[in-house]
Amino acid sequence: MNTEFLALAQMAVGGGLMGMAYALVAYGFQLTHAAGKAVNFGQGELVMLGAFAGLSLSTAALPYWVSVSGAMAVGAALGWFVERTAVRLALQQRNEGWILLTIIVGLFAVSAAENIWGREDKPFPTPWPEGALEFFGISVTWPELAIAAGALGIMTLVELAKRYTMAGIAVQAVSADQDAAELCGIRSRSAISLSWAISGMSAAFAGTIIAPVTTVGPTMAASLTLKAFSVAVVAGLDSSFGLLLAGIALGATENISGFLLGSGWREAPGLILLILALALRPQGLFGKKIIRKV
Amino acid sequence: MLKVENLCAGYSGDDAVRGISIEVAEGSCVALVGANGAGKSTLVKSLCGLIVPRRGSVFFCGENISALPASEVARRGISLCPEGRHVFVPLSVEENLLLGAYPRLPSFGRFRRAASGDLQHLYEMFPRLGERRSQQAGSLSGGEQQMLAIGRVLMARPRLVVLDEPSMGLAPMLVKEVFKAISSLRTAGMTILLSEQFANSALAVSDRAYIIERGSVVLEGASAALAKNPAVMAAYLG
Ligand SMILES: Nc1ncnc2c1ncn2[C@@H]1O[C@H](COP(=O)(O)OP(=O)(O)OP(=O)(O)O)[C@@H](O)[C@H]1O
Ligand SMILES: [Mg+2]
């Protein structure tokens, strides 16, 4: 009885820590949706590209922190690129073509990654110590702790920048009322581009903290977009704290159901959560209009 | 200072503004008077770059600004206080005011210090905003929000202030207060373009006025003369 409970608790903690990475990816949705009313349905692929970029930089013998920063820069550039190529035009024409376009950019990213880095999964080196820490019989590995610290750290930094820099306040103004922001001399397009760059940066960073746990491969992000999407829909638009809670809950449930029902059921909670959320609160992430069209 | 020539603008259907020409001289206060749906807001929005004019041009200090986006028009010195206030509801009063000065504040540096002089001046002018500086703008009353919207415009240190129906939805007491603020701006030498439904207060505060009906100017002249015109007063008595 007691050992079984301990095993479950172990699963929940491991899953919950991974869930904080889902929350970080979902945070990227929140950022671009607030500023520009669109999200990147290829966000998971940005996570994967970020992880590969980090891996390539560290194979080039750069120190860990330099590789991670490089990956974040690549992610920021990719986020900016997705907005410029796939989103801006569709939104200007007031249609939802960006949904399809961002999915296509994501698919393209997967095949590009297969061509550049190959299909097989690779380990992601980290400077963290081997072994695990024990708390009350539950063991936590260093890479898992790094996920928690990294996700919390990045989200806190971005939130602070939004509140305490003029650029951040301007981005909030564009989210609140784009026309009024323009009347204040704020270039709303630049503010939206900035949000996409930050969103891409957090996705790539998520890649570098997930990869040490899951390994790096072109399909590592296959279900990540969906999971992050579920988290974002459940937590809604305004609260990054809500994202963390929803992410932790999803990660934990996922792991537990994989453990109890067999690994084939791991993905089930995310889907069920998404269906329930869309059914019970259709205003969720997107407002009614777009849900109808998807 | 501002010269609008034969401007046509509208939304999905017909033109809502049909060939309007107006002029605002530096240091003057000009009123646009017209009933609901006459096209005042459409005119004002298209000269500020919020909607792209279909025909005609807008010159500001000699430069053609008709094709510029609103943010660039704002940076050249035209500040619109839009109809319905449009304060940034989730942000604080002070953040709203700081955003008014956005183009000249450092994006990452000490922006509060850079704006402290202007803020202090503004809080002296509108003490109520000073008392509520850290309150959410959405929690202000309608009149306070109008003061905030005007304050945000002044923070831009504009060369031309455009006020679109600043009295809309306000109790008579507050309307009086808003017009007091406008006339004190005028005495301070600010150039003002004011759009209003109600003729008498608009004509009392302005030097010149244009009467607008269904997208066209039907009458123009010195405000004092228009105020004595019985046809105007019968049609637009406020
Ligand atoms: N966003 C819009 N989309 C479509 N038509 C609009 C829009 N805004 C205004 N109109 C139409 O354009 C015409 C002019 O409207 P406008 O708002 O410029 O009038 P106004 O003089 O400002 O009136 P009010 O005193 O009520 O503010 C009206 O017929 C109105 O129905
Ligand atoms: Mg109007």
Largest-first ranking of A:LYS122, A:LYS37, B:LYS180 by accessible area, probe 1.4 Å, whole protein assembly kept, is B:LYS180, A:LYS37, A:LYS122
If one compares the long axis through the Cα atoms of helix A:240-261 with the longest principal axis of the Cα atoms of chain A, the angle in degrees, nearest 10, works out at 40 degrees
Angle, helix A:224-235 long axis vs. longest principal axis of chain A, Cα atoms, 0 to 90°, nearest 10? 70 degrees
Which FRET efficiency value, to the nearest 0.05, is calculated for B:GLU220 and A:SER190 with the Förster distance at 45 angstrom and r the Cβ-Cβ distance? 0.70
Largest first, how would A:ASP238, B:ASP164, B:ASP15 line up by accessible area (1.4 Å probe)? A:ASP238, B:ASP15, B:ASP164
Can you pull the accessible area of B:GLU124 for me, 1.4 Å probe, Å² to the nearest 10? 130 Å²
Between the Cα axis of helix A:142-164 and the main Cα principal axis of chain A, the angle (0 to 90°, nearest 10) is 20 degrees
Put +1 on the Cβ of each Lys and Arg and -1 on the Cβ of each Asp and Glu in chain A; which of A:GLY106, A:ALA34, A:LEU250 then has its Cα farthest toward the positive end of the dipole? A:ALA34
Could you tell me how many cubic angstrom of Cα convex hull volume region B:1-115 has per residue? 141 Å³
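Is the shape of region B:95-148 rounded, prolate or oblate, going by the alpha carbon gyration tensor and its root eigenvalues a ≥ b ≥ c, with a/c under 1.5 for rounded and a/b larger than b/c for prolate? The partial results should precede the final answer.
Values: a/c = 2.33, a/b = 1.71, b/c = 1.36.
Judged from the Cα gyration tensor, region B:95-148 comes out prolate (a/c at least 1.5, a/b above b/c).
Over the Cα atoms of region A:60-120, compute the convex hull volume and normalise it per residue, giving Å³.
On the way: hull volume 5.6 nm³, N = 61.
Convex hull volume per residue, Cα atoms: 92 Å³.
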Backbone N within region B:167-202 under 18 Å of label point (7 Å from B:CYS61 Cα along the Cβ vector): B:189-193
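Might you report the magnitude of the Cβ-based charge dipole of the protein assembly as shown about its Cα centre, with Lys and Arg at +1 and Asp and Glu at -1, to the nearest 20 debye?
Charge dipole, the protein assembly as shown, about its Cα centre: 1080 debye, nearest 20.
What is the dipole size for chain A, taken about its Cα centre, with +1 at each Lys and Arg Cβ and -1 at each Asp and Glu Cβ, in debye to the nearest 20? Write out the running numbers ahead of the final one.
On the way: 17 positive and 17 negative charges, 207 e Å.
Magnitude of the dipole: close to 1000 debye.
Share of Cα-Cα pairs in chain A beyond 27 Å, in percent? All intermediate terms of the calculation are to be shown ahead of the outcome.
Details: 17065 of 43071 pairs.
Result for the distance tail: 40 percent.
Output the relative contact order of chain B, whole-number percent, from Cα pairs under 8 angstrom with separation of 6+ residues. Let's see the in-between values first.
Working: 467 pairs, mean separation 66.8, N = 238.
Once normalised by length, the contact order is 28 percent.
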Cα→Cβ-extended label distance, 7 Å offset, between A:SER111 and A:LEU260, nm: 4.2 nm
Ignoring ligands, DNA and RNA, please state the percent of accessible area on the protein assembly as shown from carbon and sulfur, probe 1.4 Å. 61 percent
Checked region A:1-113 against the a/c 1.5 cut and the a/b vs b/c comparison, axes a ≥ b ≥ c from its Cα gyration tensor; verdict oblate
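Report the charge-dipole magnitude of chain B in Debye, nearest 20, computed about the Cα centre from +1 at each Lys and Arg Cβ and -1 at each Asp and Glu Cβ. All intermediate terms of the calculation are to be shown ahead of the outcome.
Numbers: 25 positive and 21 negative charges, 94 e Å.
Once rounded to the nearest 20, the dipole reads 460 debye.
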Putting +1 on Lys and Arg Cβ atoms and -1 on Asp and Glu Cβ atoms, find which of A:GLY262, A:MET166, A:SER239 reaches farthest to the positive end of the dipole of chain A. A:MET166
Against the 2.2 N^0.38 Å rule of thumb, the C-alpha Rg of chain B sits at a ratio of 0.99
A:LEU271 versus B:ARG54, label points 7 Å from Cα toward the beta carbon: distance in nm? 5.2 nm
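The values are calculated or read from the model by the stated rules, or taken from the named source; none is laboratory data. Please read these numbers as outputs of a predicted model, since none were measured by experiment. All Cβ positions, glycine included, derive from the backbone under ideal geometry; neighbour counts span all protein chains shown. With ligands, DNA and RNA removed, areas are computed over all heavy atoms of the protein, side chains included. Shrake-Rupley method; radii C 1.70, N 1.55, O 1.52, S 1.80 Å.
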